[in-house]
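The structure appears below as structure tokens.
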Amino acid sequence: MSEVEPQQLLERLRWRYAVKRFEAERELDDATWQALEASLVLTPSSYGLQPWRFLVVTDPAVKKQLPAISWNQKQPQDCSHMIVLAARKSMDESYVDRYMNSVAETRGIPVESVSGYRSVLVSTVNSTTGQHLNWNARQVYIALGQLMATAAMLGVDTCPMEGIDTVAYDNLLGLTDTDYTCIVGCALGFRHPEDKAAIAAKVRFDASEVVVHI
């Protein structure tokens, strides 16, 4: 298996920025999107519970409605794929059982063999009632970071977006009466040639200030 060279990785991360203007006519090809979708599915999560849903908005009629509920930002409309990352509002024993059944099926083992792990998860879920959405939302941000890093490696531009009306997104995308709620969005596509933000120097504190070696 080939490895990504450290310098190549850094070049891609320095190339990445939060796009302010997308080239509306350009769309991701299927192979690239499939890789990005797989990166979302492969995202690690606490206990492996995957408490999320990823809504992929590509319908022009739906995208056209997004700027009005995104502080009038045009990125959700002009991008190729608008990803809405939603977190599960709560966890319960039945969800844990669904996950444990998936573990057993995927690994080809009896579900009884993971009963100890199941007990740990059920205990954790029951002892954190009222905190589940906050916990799950933090897992969603892991997925957002993985998506953005993957996109940068593939030469796809992104714009992470917290500046959205999450309640309105829930209403528009049919999440309101479900177990999930919108947390954050991420627009994917290609930067417009006239997006001046693309040439702005990336501003970061020096590693000596933010990285502590112990």
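Where helices (runs of 4 or more DSSP H) fall entirely within the stretch 65-172, those with at least 1 residues that are of a type in the set (A, V, I, L, M) and at pLDDT 95 or above are at 93-107, 115-127, 132-153.
Has the stretch 62-74 got at least one residue that is in the same structural domain as Gly145 (by TED's automatic domain parsing), surrounded by 14 or more Cβ atoms within 10 Å (Cβ to Cβ), under 21 Å from Ala149 (Cβ atoms) and out of contact with any Leu (no Cβ under 8 Å at 6 or more places or on another chain)? For the stretch 62-74, residues in the same structural domain as Gly145 (by TED's automatic domain parsing), surrounded by 14 or more Cβ atoms within 10 Å (Cβ to Cβ), under 21 Å from Ala149 (Cβ atoms) and out of contact with any Leu (no Cβ under 8 Å at 6 or more places or on another chain): absent. Just one of (1) surrounded by fewer than 16 Cβ atoms within 10 Å (Cβ to Cβ); (2) at pLDDT 95 or above; (3) more than 30 Å from Thr128 (Cβ to Cβ) fails for Glu23. It is (1).
For the stretch 101-118, a residue qualifies if it is of a type in the set (Gly, Ala, Ser), under 18 Å from Gln50 (Cα atoms) and either out of contact with any helix residue (DSSP H, G or I) (no Cβ under 7 Å at 6 or more places or on another chain) or assigned by TED's automatic domain parsing to the domain that holds Tyr47 (or both), and exactly one does: Ser102.
Among residues of the stretch 54-69 that are touching a residue at least 60 places away in the same chain (Cβ under 8 Å), those with a beta-carbon under 9 Å from a residue that is of a type in the set (A, V, I, L, M) and loosely packed, with under 14 Cβ neighbours inside 10 Å at least six positions away or on a different chain give the pairs Phe54/Val41; Ile69/Val167. Considering only residues in the stretch 149-168 that are of a type in the set (S, T, N, Q) and in contact with a strand residue (DSSP E or B) (Cβ under 6 Å, 6 or more places away or on another chain), the one that is farthest from Arg14 (Cα to Cα) turns out to be Thr166. Leu9 meets the conditions (1) touching a residue at least 12 places away in the same chain (Cβ under 8 Å); (2) more than 18 Å from the chain's Cα centre (by Cα); (3) not in a helix (DSSP H, G or I) in every case but one. The failed one is (3).
Let's see how each residue does on (1) free of Cβ contacts under 8 Å to residues at least 12 places away in the same chain; (2) within 14 Å of the chain's Cα centre (by Cα); (3) surrounded by 13 or more Cβ atoms within 10 Å (Cβ to Cβ):
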site: Val140; (1), (2), (3): no, yes, yes
site: Ala143; (1), (2), (3): no, yes, yes
site: Val156; (1), (2), (3): no, no, yes
site: Glu162; (1), (2), (3): no, yes, no
site: Tyr169; (1), (2), (3): no, no, yes
site: Leu188; (1), (2), (3): no, yes, yes
site: Glu194; (1), (2), (3): no, no, no
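Just to be sure before I move on: is Thr128 of a type in the set (Val, Ile, Thr), within 22 Å of Leu85 (Cβ to Cβ) and in contact (Cβ under 8 Å) with a residue 60 or more places away in the chain in the structure I sent? It is false that Thr128 is of a type in the set (Val, Ile, Thr), within 22 Å of Leu85 (Cβ to Cβ) and in contact (Cβ under 8 Å) with a residue 60 or more places away in the chain.
The values are calculated or read from the model by the stated rules, or taken from the named source; none is laboratory data. The model shown is predicted, which means the values in this text are computed figures rather than measured ones. Cβ atoms come from the backbone with ideal geometry, glycine included; neighbour counts cover every protein chain shown.
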